[in-house]
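The values are calculated or read from the model by the stated rules, or taken from the named source; none is laboratory data. Please read all numbers here as calculations on a predicted model, not as lab measurements. Glycine also receives a Cβ, built like all others from the backbone with ideal geometry; neighbour counts cover every protein chain displayed. In case anyone asks, the SASA skips ligands and DNA or RNA and just uses the protein heavy atoms, side chains included. Shrake-Rupley method; radii C 1.70, N 1.55, O 1.52, S 1.80 Å.
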Amino acid sequence: MGNASRRKVSSTLPDFPWDTIAGAKATAAAHPDGIVDLSVGTPVDPVDPLIRRALDAGAEFPGYPTTIGTTELREAAAAALTRRYGASELGTDQILPVIGTKEAIAGLTSILGFGAGDTVVIPEVAYPTYEVSALLAGATPVRADSTVQLGPARPALLFINSPSNPTGKVLGIDHLRKVVEWARARDVIVASDECYLGLTWEGEAYSILDPRVCDGDHTDLLAIHSLSKVSNLASYRAGFFAGDRDLIAELLAVRKHSGLMLPFPIQAAMTAALNDDTHVDAQRERYRARRDVLKAAVEGAGFTVDHSEAGLYLWASRGEDSRTTQNWLAERGILAAPGDFYGPAGTRHVRIALTATDERIAAAAARL
């Protein structure tokens, strides 16, 4: 007999989306020239030797790492945000390394002390972990893309994501300023997922910490950054929070008790990656070339590509249910992610990733 009072946490969560596409994956895998898997945005290019050397050098440290991370890592992160993305100057007490941004996002609502009775706003079409963050805390997720939709409500936490996963949409500076002003007037914390900021193809994308957005005041603002995409470090689980000192201190205090420490060799590798822009620029150009090939092929096959001005995906539609489109692609040996993974507003689109080798991208283009 189970404990009758025990709440099965998994029962409060949606089905894990990737478990629902096994059929389409099998269809695509049966293609005579093999599958082109464009469903998950997982990096395929090599980790730069500079980063691997730093990882190796960090591997000889035998002691416990600290949750707050080394001073060198936090200095490198703060400097990279300013140098690469125009963030206003940050102190080392405004940076906190995390074990990949997925766990950091999933635990954020809980660690900030929100729960039953609190509302967490997430984008209408969104990375699924924002919703999971709310549900794990027992809070209520609400999908909204504008503050007008929220009316007089005062949510506890507002997630924004620009450039967006999955749509590649970039929020303009006026929109971001309005979000910050609206949140400040209501004492709402804004968590801005900026993992794709370094992969902008058209126009300009902005950090929530850019002085043009926040006037240099980081109060109640958290930027969430990852090295998975820009430095090919998905396997390293390398990310960090940046922003409001008091929020960083609170996250640190709780994460210390929970033992959420980034391994020391990974901290050393991250430091090297954040101090070097050359490999980031080279990787961006690899993705740009793949995007040029794939976007032309997808549009040539009769799809409409919406948004997608940044990030690692094409948000594409044939004007039909996303699962129908997914099956059409699977019959051609191409696996995409159905838009319904990302919320009810995504059901007419598929997300097609740029994260495959040049050879596989070319194969997909030829099949289309």
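From the set of residues in segment 57-89 that are of a type in the set (Asp, Glu) and without any contact (Cβ under 8 Å) to a residue 60 or more places away in the chain, which is surrounded by the most Cβ atoms within 10 Å (Cβ to Cβ)?
Here is the first cut: in segment 57-89, the ones of a type in the set (Asp, Glu) are 60, 72, 75, 89.
Keeping just the survivors that are without any contact (Cβ under 8 Å) to a residue 60 or more places away in the chain gives 60, 75, 89.
Details: GLU60: 9, GLU75: 17, GLU89: 12.
The extreme case among them is GLU75.
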Query raised in the report: If you take the residues in segment 303-327 that are touching a helix residue (DSSP H, G or I) at 6+ places or on another chain (Cβ under 9 Å), of a type in the set (A, V, I, L, M, F, W, C) and in a strand (DSSP E or B), which one is most open to solvent (accessible area, probe 1.4 Å)?
Result: VAL305
Query raised in the report: What number of residues within segment 250-277 satisfy the criterion of being surrounded by fewer than 18 Cβ atoms within 10 Å (Cβ to Cβ), touching a helix residue (DSSP H, G or I) at 6+ places or on another chain (Cβ under 7 Å) and either under 26 Å from VAL180 (Cα atoms) or among the hydroxyl-bearing types (Ser, Thr, Tyr) (or both)?
Result: 1
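Can you give me the number of residues within segment 328-340 that are open to solvent by 20 Å² or more (accessible area, probe 1.4 Å) and not acidic (Asp, Glu)? Break it down stepwise before answering.
The initial filter retains those residues of segment 328-340 that are open to solvent by 20 Å² or more (accessible area, probe 1.4 Å), namely 328, 331-332, 340.
Then drop every residue that is not not acidic (Asp, Glu), which leaves 328, 332.
Residues flagged as open to solvent by 20 Å² or more (accessible area, probe 1.4 Å) and not acidic (Asp, Glu) within segment 328-340 amount to 2.
Give the residues of segment 211-224 that are in contact with a Leu (Cβ under 8 Å, 6 or more places away or on another chain) and open to solvent by less than 10 Å² (accessible area, probe 1.4 Å), sorted by residue number. Show your work before the answer.
First, the residues of segment 211-224 that are in contact with a Leu (Cβ under 8 Å, 6 or more places away or on another chain): 213-214, 218, 220-223.
Result: VAL213, CYS214, LEU221, LEU222, ALA223.
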**Report entry** Selection count where residues are surrounded by fewer than 21 Cβ atoms within 10 Å (Cβ to Cβ) and either farther than 25 Å from LEU13 by Cα or of a type in the set (Val, Ile, Thr) (or both), scope segment 130-145
**Finding:** 2
Query raised in the report: under 21 Å from the mean Cα position of the chain (by Cα), at pLDDT 95 or above, in a loop (DSSP other than H, G, I, E, B) and of a type in the set (A, V, I, L, M), is that true of ALA87?
Result: yes
**Report entry** segment 312-328, residues that are closer than 27 Å to SER226 by Cβ and touching a residue at least 60 places away in the same chain (Cβ under 8 Å)
**Finding:** LEU312, TYR313, LEU314, TRP315, GLN326
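Look at GLY115 and say whether it is more than 25 Å from GLU204 (Cβ to Cβ), modelled with pLDDT of 95 or more, open to solvent by less than 50 Å² (accessible area, probe 1.4 Å) and assigned to a loop (DSSP other than H, G, I, E, B). Spell out the reasoning first.
On the way: more than 25 Å from GLU204 (Cβ to Cβ): yes; modelled with pLDDT of 95 or more: yes; open to solvent by less than 50 Å² (accessible area, probe 1.4 Å): yes; assigned to a loop (DSSP other than H, G, I, E, B): yes.
In short, yes.
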Query - Within segment 341-361, tally of residues that are assigned to a helix (DSSP H, G or I) and open to solvent by less than 50 Å² (accessible area, probe 1.4 Å) - result: 5
Report task. Quick one: GLU75 ticks every box in (1) modelled with pLDDT of 95 or more; (2) touching a strand residue (DSSP E or B) at 6+ places or on another chain (Cβ under 6 Å) except a single one, so which number is it? Result -> (2)
Query raised in the report: Counting only residues that are free of Cβ contacts under 8 Å to residues at least 60 places away in the same chain and farther than 17 Å from ALA249 by Cα, which one in segment 90-120 is nearest to the chain's Cα centre (by Cα)?
Result: LYS102
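Pull up segment 149-180, narrow it to residues that are in a loop (DSSP other than H, G, I, E, B) and over 16 Å from SER308 (Cα atoms), then point me to the one that is most open to solvent (accessible area, probe 1.4 Å). Please lay out each step first, then the result.
Of the residues in segment 149-180, the ones in a loop (DSSP other than H, G, I, E, B) are 151-156, 162-172.
Now narrow it down to the ones that are over 16 Å from SER308 (Cα atoms): 151-156.
Values: GLY151: 37, PRO152: 133, ALA153: 49, ARG154: 150, PRO155: 2, ALA156: 13 Å².
Top of the filtered list is ARG154.
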Report task. Give the residue that is least open to solvent (accessible area, probe 1.4 Å), with candidates limited to residues of segment 1-52 that are more than 23 Å from GLY339 (Cα to Cα) and assigned to a helix (DSSP H, G or I). Result -> ILE51
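Out of all the residues in segment 278-303, which are of a type in the set (Asp, Glu) and more than 16 Å from LEU199 (Cα to Cα)? Write out each step before concluding.
Quick first cut of segment 278-303, residues of a type in the set (Asp, Glu) only: 281, 285, 292, 299.
The answer is GLU299, and nothing else.
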Query - segment 139-158, residues that are in contact with a Ser or Thr (Cβ under 8 Å, 6 or more places away or on another chain) and touching a residue at least 40 places away in the same chain (Cβ under 8 Å) - result: ALA156, LEU157
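Would you check if ILE208 is touching a Ser or Thr at 6+ places or on another chain (Cβ under 7 Å) and not assigned by the TED database to the domain that holds GLU309? Spell out how you get there, then give the answer.
Details: touching a Ser or Thr at 6+ places or on another chain (Cβ under 7 Å): yes; not assigned by the TED database to the domain that holds GLU309: yes.
So ILE208 passes the test.
How many residues, within segment 90-101, are open to solvent by 40 Å² or more (accessible area, probe 1.4 Å) and closer than 18 Å to ASP246 by Cα?
First pass over segment 90-101, keeping only residues open to solvent by 40 Å² or more (accessible area, probe 1.4 Å): 92-93, 99.
Still in the list and also closer than 18 Å to ASP246 by Cα: 92-93.
Final tally of qualifying residues: 2.
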Report summary line: ALA297 fails exactly one of (1) more than 19 Å from VAL170 (Cβ to Cβ); (2) in contact with a Leu (Cβ under 8 Å, 6 or more places away or on another chain); (3) open to solvent by less than 10 Å² (accessible area, probe 1.4 Å), namely (3)
